[in-house]
Amino acid sequence: MSRILTGRVAAVLPANIDTDIIYPGRYLNITDREKTAEHLFELAYPEVRAAIQPGDLLVAARNFGCGSSREQAAAAVKYAGVGAVIAASFARIFFRNAINLGLPLVVSPEAVERVREGDVLELDLEHGVIRNHGREETYTAAPLDPRAIELIEAGGLVPHLKRKVMAHA
């Protein structure tokens, strides 16, 4: 995985998208993380799930991922093929769960105000810069911590730890 990602904005979502909207609680018994994607936004935004292509981006207003601490919500986003989520802010536990799964999250209130569905964006995770190719605009984002980038590049916390253990074996 590169520290620079490019993707099309599949959807722009409102504020306070909670984990029940992202992944309904009635599916918590599903243990296969990849199958969680089948229920992404099922209750409120099924058209978003249907529109997502591999590497697409989701954009949301503030407080994305609020609510319960269920890891399945972040897994559903990742395994639906979303390349990254850009939001004005994220719930802390959702942010941590996503990074631990290797899903890039980018905080940029400026981008949220300007981008539209269908825009093609380039995200520089390390330097906190978002380029909108269609509008020829650049937005400021919070750069990701180098440790978060390391986890994302490894594909998440578990693959990262496996690599570390194998390197010392």
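Worth pointing out:
- Comparison of Arg96, Arg116, Arg62, Arg8 shows that the only residue that is assigned to a strand (DSSP E or B), among the charged types (D, E, K, R) and under 25 Å from Gly128 (Cα atoms) is Arg8.
- Only listed residue being closer than 20 Å to Val9 by Cβ and either crowded, with 19+ Cβ neighbours inside 10 Å or touching a helix residue (DSSP H, G or I) at 6+ places or on another chain (Cβ under 9 Å) (or both), chosen from Ala76, Ala154: Ala76
- Flag for Ala148 being assigned to a helix (DSSP H, G or I), of a type in the set (A, V, I, L, M, F, W, C), free of Cβ contacts under 8 Å to residues at least 60 places away in the same chain and surrounded by 23 or more Cβ atoms within 10 Å (Cβ to Cβ): no
- For the range 52-62, the set of residues classified as closer than 20 Å to Ala15 by Cα and surrounded by fewer than 18 Cβ atoms within 10 Å (Cβ to Cβ) consists of Ala61, Arg62, listed by residue number.
- Odd one out for Arg135 among (1) exposed (fewer than 15 other Cβ atoms within 10 Å of the Cβ); (2) in a loop (DSSP other than H, G, I, E, B); (3) touching a residue at least 24 places away in the same chain (Cβ under 8 Å): (3)
- Considering residues of the range 1-42 that are in contact with a Gly (Cβ under 9 Å, 6 or more places away or on another chain), closer than 19 Å to Ile152 by Cβ and not hydrophobic (A, V, I, L, M, F, W, C) only, the residue surrounded by the most Cβ atoms within 10 Å (Cβ to Cβ): Gly7
The numbers here are math on the coordinates, done by the rules we state, and not lab data. The shown structure was predicted, so the numbers you read here are calculated from the model rather than taken from an experiment. Every residue, glycine among them, receives a Cβ derived from its backbone with ideal geometry; neighbour counts consider all protein chains shown.
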